[in-house]
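Everything on this sheet refers to the single structure shown next.
The values are calculated or read from the model by the stated rules, or taken from the named source; none is laboratory data. Everything numeric here is computed off the predicted structure, so don't read it as measured data. Counting neighbours? That spans all protein chains shown, and the Cβs are built from the backbone with ideal geometry, glycine included. The accessibility values were calculated without ligands, DNA or RNA, using every heavy atom of the protein model including side chains. Shrake-Rupley method; radii C 1.70, N 1.55, O 1.52, S 1.80 Å.
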Amino acid sequence: MSTAMSQNRGLGAAIWDYLTTVDHKKIAHLYLVSGGLFFLIGGLEAMLIRIQLMQPDNNFISAGLYNEMITMHGTTMIFLAAMPLIFALMNAVVPLQIGARDVAFPFLNSLGFWLFLFGGIMLNVSWFTGGAPDAGWTNYAPLSTVSPGHGVDYYVMGLQISGAGTLIGGINFLVTIVNMRAPGMTYMRMPLFTWASFVTSTLILFAFPALTVGLFLMMFDRMFGSVFFDTAAGGNAIIWEHLFWIFGHPEVYILILPLFGAFSDIFSTFSKKRLFGYSAMVFATVLIGFLGFMVWAHHMFTVGMGPIANSIFAVATMAIAVPTGIKIFNWMFTMWGGNIRMTSAMLWSIAFIPSFTIGGMTGVMLAAAAADYQYHDTYFVVGHFHYVIVGGVVFGLFAALHYWWPKMFGKVLNEKLGKLAFWPFFIGFHLTFFIQHFLGLMGMPRRYWVFLEGQGLEAGNMISTIGAFLMALGTIIFIINVVYTAVKTEKVSGDPWDGRTLEWSIPSPPPHYNFVQTPLVRGLDPLWVEKSEGKKGMTPAEPLGDIHMPNASILPFMMSLGLFIAGFGFIYQVDDKGWLALVFIGMGITLGSMLTRSLKDDLGHHIHKADLEKDIEKGAGQ
Amino acid sequence: MSHEDVLNPKQLPHDPEKATLEGKNKFVGFWFFLGGETVLFACLFGTYLALNRSTSGDNTPEHLFGLELVFIMTMLLLTSSLTSVYAMYHMKNNDFRKMQIWLGITVILGLGFLGFEIYEFVHYIHEYEFTFRSSAFGSAFYTLVGFHGGHVLFGLSWIVALMIRNSKRGINLYNAPKFYIASLYWHFIDVVWVFIFTVVYLMGVV
Amino acid sequence: MANHSNMTQEQNKFVKKQHKEEMKQQVISFALMILFTLIAFGMVLLEIGSVFLVPTLLLLAVIQVLFQLYYFMHMKNKGHDMVAVMMYGGLSVAILTIITFTTIIWW
C-alpha cells in the first residue's frame with residue numbers, strides 16, 4: 001500500500017497509482033498539474049489576443065478565430081485554470097490544517113478531479129473538430145443558440161461535466177470541515193484558509209446548480225429542439241443571463257475567497273504575528289459570501305430590468321466593499337509592527353493589496369448603475385475584472401504556491417528565481433491592464449476583433465501588449481523555477497517558514513495518513529501555541545493505534561470517462577442519430593460504475609500500529 | 001472500528017446511520033447535496049414561472065391539466081413518503097424483514113406514480129400534440145416535471161439496488177447510512193412534488 | 001461506540017419507546033399532510049375565486065414541506081444544526097431566484 005513501494009515498480013505503476021488514488025495530497029498534485037497546463041493554454045490564447053490587438057486593423061488572426069480565442073481564454077482561465085488550482089491548494093492544505101487524516105469523501109474527491117479533467121479536455125477537443133465555442137465565456141443567448149457548428153455544444157457539455165466535478169468537490173470540503181476537525185479545533189480556531197475554503201464550498205454548493213440548469217436548458221435548445229431562449233416561439237433569452245449570473249457572480253467570490261484565506265495565513269506567518277482581527281476576518285469572509293448571492297444582476301444593468309431592480313443591485317454591490325475593506329485593513333494591521341520576512345510568498349501578497357484595491361475601486365464605479373451605461377462592454381470592464389482576477393487570484397495562487405510548495409513536495413521553490421519571476425509579472429500586469437481602463441473610457445468596446453487607426457487607441461493597445469509579454473516572461477521564469485526545484489535534491493524540514501498552523505507540525509511531504517496521532521488543538525494558531533510554550537510539536541489527542549484509510553479505486557476515472565464519451569454522443573447526434581450509440585455506451589459505463597460502487601463493499605484498510613512505529617523511527621511523527 | 005464490527009455489530013446502536021464517521025459524513029454530505037438540489041429545482045421552477053404563459057394555440061395549462069390524475073399521483077407519492085418513514089423506523093429497531101417490506105411498498109407506490117406520469121406525458125403528446133418543442137411553455141413544463149420524474153426513477157433504482165444487495169445480510173453499520181440517505185432522497189422527491197402539484201397544476205388551472 | 005454496545009435492557013426499552021413516540025408524530029403529520037392536500041385540491045375544484053386563493057395554496061404547500069422536513073426527515077432532532085444552515089441557505093437562494101424569474105424577466 002505504501003507510496004514508496006508503488007513508485008519503485010516503475011512508471012506504469014506510478015501512473016496507475018495516480019489514476020486510482022484517493023489520497024487528497026496526490027489529488028492535489030493532479031489538480032495542480034492539469035490546472036497549470038490549462039493556465040498555460042489560456043495564457044497562450046491571451047497572448048494571441050494581445051498580438052492581434054497590437055496595432056490597428058491588424059490581421060494576425062481571423063475574426064472568427066478571434067471570437068474563439070476570447071471565449072476559450074475566459075472559459076479556460078475561470079473553469080479550467082483558476083478553479084482547479086484553488087482545488088489543488090484546498091486538497092493539499094485543508095485536511096492538514098484541521099488535523100484530519102483525509103477528506104470526508106476520498107472517492108468523491110477523486111471523482112471530482114476526473115470529471116473536471118475530462119470536461120476540460122472535452123472543451124479543448126473542440127479546437128480540432130471544426131471550431132471552438134465562440135459566443136463569449138458568458139455564452140449569451142441568442143448568440144449562442146444560433147452559433148453554427150458544434151463549438152457551443154462543446155462548451156455546454158464540457159462545462160456540464162467539469163461543473164459536476166466542482167459541485168462534488170465543494171460538498172466534499174464542506175463535510176470535511178464540518179465533521180473531521182481534530183479535537184479542540186473549534187470553528188473559531190480554524191485558520192483563515194480553512195474558513196475561506198468552507199465559505200467557498202458553500203458558494204459552490206448553491207451557485208453551481210444554477211449553471212447546471214442553465215447548461216441543461218442550453219443543451220436542450222441546441223440539441224433537442226426545445227425553445228427556452230427562442231423568442232419567436234415564446235422563449236426568453238434573459239433567462240439564460242439570469243441563470244448564468246446567479247451562478248457567475250458567486251463564482252468570482254469562489255475564486256477570490258480561498259486566496260483571501262491564503263493571504264491571511266501568509267501575512268500572519270511572515271509577520272510573526274497572529275492575524276489582526278481574526279473574528280472580524282471570519283465575519284467579513286462569511287459576509288462576502290452572503291452578499292455575493294445578491295448582486296448578480298449588476299452584470300445586467302443595461303438589460304432593462306427597470307430602475308428599482310438596478311438600484312437594489314447597485315446598493316448591494318457597493319455594500320460588498322465594506323467587508324472587503326475590513327480585510328484589507330486587517331492585513332495591513334497584521335503586518336504593522338510585525339517581524340516581516342520578505343519571501344517570494346510575502347512579495348506576491350504585498351503586491352496584491354494595492355493591485356486588488358484598484359480593482360475594487362473600479363468595481364464600485366461599475367456598481368453605479370447609471371454610470372455603468374457608459375462603461376458597459378468597454379475595455380474599462382476588461383481592465384476592472386483583470387485587476388481583481390489577476391491582481392487577486394493569480395497573485396494569490398503564486399503566493400500560496402510559494403508558501404505551500406514545501407508542504408506539497410518537500411522542497412522550497414528557489415527564492416531568487418521567485419523574486420525574478422515576480423517583478424516582470426507585476427510590472428507587466430499593471431502595464432497591460434491599467435491602460436485598458438482609459439481605452440475603455442475612450443470608447444474602445446470589448447470583444448472587438450480590430451480597432452481603427454487615428455482614434456487615439458494605438459499607443460494604449462501597444463503598451464498593453466508589451467505588458468502582456470512581460471507577464472508571459474514572469475510565468476516562464478516561474479516554470480523554470482519549478483523545474484529547477486524539482487531537479488535539485490535538497491530536502492526541507494516539516495516547518496521551513498517557522499509556521500503557526502497544524503500543517504507545519506508534520507513532515508514535508510506528509511505521510512499518506514498525515515498525522516500519526518491526531519493532534520490536540522489548544523488555541524488559534526495551534527502550532528504557535530505549542531512553540532510559545534517551548535514544545536517542539538503538537539500534543540497527541542489519542543494513543544498510537546491502527547489507522548483506518550480508504551482504498552484506491554479506478555471507478556471515478558471510469559465514471560468520468562463514460563460521461564466524456566456520452567458527451568460526444570450528445571453533441572453529434574444532432575447530425576446523425578447513429579451517434580446516440582455513444583450516449584448509450586458512455587452512460588452505460590458511468591451508470592455501471594456507479595452501480596458497482598453502490599453494490600461492492602469498500603471498507604477501506606488499516607495501517608497497523610507496528611508499521612506506524614517503523615515510520616516514526618524514520619521521522620513520520622517529527 | 002474493525003471491519004467485523006462494522007459488518008456484524010454485536011448490537012446495533014439506536015442511530016445506526018450515524019454510528020461511524022463514514023456514516024456521519026454521508027448523512028451530512030447528503031443533506032448538503034439536498035440544499036444544492038433545492039437551488040436546482042428553484043431554477044427550474046423559476047424558468048417555468050417565466051414561461052408558463054408562452055403557450056401556443058389551445059395548449060394552455062387550464063386546457064391541458066386534469067386534476068384527477070394529479071390527485072392520485074399526489075396521494076401515491078405522499079403515501080410512499082410515509083412508508084419509507086416506516087422502513088426507517090424498523091431499520092432503527094433492527095428489524096430487517098419489516099424494513100424490506102416497507103421499502104418494497106415504497107417502491108411499488110413510486111412505480112405507480114411513475115406509470116401515471118408517463119401516461120400523462122404520452123396523453124399530452126398524442127391527444128393534444130403538446131410537446132417539448134411546441135412552445136416555450138411545453139419546454140419548461142416537460143423539463144421541470146421531467147427532472148422530477150427522473151429523480152423518481154433514480155430514487156427507485158437506488159432503493160431497489162440497495163434492497164437486493166443487502167437482502168441476505170441484514171442491517172449493519174455499513175449499509176444503514178446508505179438506506180437512510182436513500183430515504184432522505186425519497187422524501188426530498190416528495191417535497192419537490194408538493195410544489196409541483198401546487199405551482200404547476202393547481203395554480204395552472206386556477 | 002462503547003456506550004452503545006453495552007446498552008442495558010432498560011436503555012434499549014427507552015430508545016424503542018422514543019422511536020414509537022416519534023412514529024406517532026409522523027403518522028399525525030402524515031394525516032395533516034393529506035388533509036392539507038385535500039383542502040388545496042378542494043379549493044381549486046370548488047373554484048373559490050378569491051385573491052387569497054393562490055397565497056393560501058402556497059402557504060399550504062410550505063406547511064406540508066415543513067412537516068416533511070422536520071418530521072419525516074427528522075430535522076427537528078438533535079445534530080441537524082449544520083443541516084438546517086445549509087437547507088435554509090439553499091432555500092434563500094431558491095426564493096431569490098424565483099422572485100427574480102417572476103419580476104425582472106422581460107415578458
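Tabulated results
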{"read-out": "Label-point gap, in nm, between residue C:59 and residue B:62 - each point 7 angstrom along Cα→Cβ", "value": "2.6 nm"}
{"read-out": "Long-range tail of P(r) for the protein assembly as shown (Cα pairs > 56 Å, %)", "value": "11 percent"}
{"read-out": "Sequence ranges B:187-194, B:137-144, A:202-209, ranked by mean other-Cβ count within 10 angstrom, highest first", "value": "A:202-209, B:137-144, B:187-194"}
{"read-out": "Per residue, in Å², the accessible surface of the stretch B:113-206 once ligands and nucleic acids are set aside, probe 1.4 Å", "value": "32 Å²"}
{"read-out": "Lys, Arg +1 and Asp, Glu -1 on Cβ, resulting dipole of the stretch C:1-76 about Cα centre, debye, nearest 20", "value": "340 debye"}
{"read-out": "Solvent exposure ordering (accessible area, 1.4 Å, most first) of A:341, B:133", "value": "B:133, A:341"}
{"read-out": "Overall form of chain B per C-alpha gyration tensor (a/c, 1.5; a/b vs b/c)", "value": "prolate"}
{"read-out": "Estimated FRET transfer efficiency (residue B:154, residue C:102; beta-carbon r; R0 25 Å; 0.05)", "value": "0.30"}
{"read-out": "Global geometry of chain C, whether rounded, prolate or oblate, following the gyration tensor of its Cα atoms and the 1.5 cut on a/c", "value": "oblate"}
{"read-out": "Solvent-accessible surface ranking, highest first, for B:92, A:618, B:98, B:168 at 1.4 angstrom", "value": "B:168, A:618, B:98, B:92"}
{"read-out": "Estimated [θ] at 222 nm from DSSP helical runs (n ≥ 4, -39500 (n - 2.57)) normalised by residues in the protein assembly as shown, nearest 500", "value": "-23000 deg cm²/dmol"}
{"read-out": "Within the stretch A:481-570, GluC sites (Glu not before Pro) in DSSP loop having at most 16 other beta-carbon neighbours inside 10 Å", "value": "A:490, A:533"}
{"read-out": "Heavy atoms of residue A:129: accessible area, 1.4 Å probe, square angstrom to 10", "value": "60 Å²"}
{"read-out": "Per residue solvent-accessible surface (Å²) - chain A, probe of 1.4 Å", "value": "35 Å²"}
{"read-out": "Per-residue SASA entry for residue A:405, accessible area with 1.4 Å probe, Å² rounded to 10", "value": "20 Å²"}
{"read-out": "For the pair C and B, total buried accessible area rounded to nearest 100 Å², probe 1.4 Å", "value": "4600 Å²"}
{"read-out": "Whole-Å distance, taken between Cα centres, linking the stretch A:19-60 and the stretch A:369-383", "value": "27 Å"}
{"read-out": "Residue-span extension gain [residue B:53 to residue B:129] - 0.36 nm each, minus C-alpha spacing", "value": "25.6 nm"}
{"read-out": "Residue of C:25, C:64, C:11 that the Gaussian network model of chain C assigns the largest fluctuation, springs spanning Cα pairs under 10 Å", "value": "C:11"}
{"read-out": "Distance between the stretch B:54-74 and the stretch A:500-560 - C-alpha centres, whole angstrom", "value": "59 Å"}
{"read-out": "Farthest positive-ward along the stretch A:24-149 dipole, Cα basis, beta-carbon charges - from A:137, A:24, A:73", "value": "A:24"}
{"read-out": "Whole-angstrom gap from the stretch C:54-101 to the stretch A:589-617, using each part's C-alpha centre", "value": "37 Å"}
{"read-out": "Length gained when the stretch residue A:601-residue A:447 is fully extended (0.36 nm per residue, less Cα-Cα span)", "value": "50.2 nm"}
{"read-out": "Estimated FRET transfer efficiency when R0 is 60 angstrom, pair residue A:280-residue C:9 (beta carbons, to 0.05)", "value": "0.65"}
{"read-out": "Extension gain from residue A:614 to residue A:370, taking 0.36 nm per residue of separation minus the Cα-Cα distance", "value": "81.0 nm"}
{"read-out": "Total charge dipole magnitude, chain B, about the Cα centre, Cβ charges on Lys, Arg, Asp, Glu only, Debye to nearest 20", "value": "860 debye"}
{"read-out": "Cα centre as origin, Lys/Arg/Asp/Glu Cβ charges: the protein assembly as shown dipole, Debye", "value": "2740 debye"}
{"read-out": "Residue A:15/residue A:546 FRET efficiency (R0 35 Å; Cβ-Cβ; nearest 0.05)", "value": "0.70"}
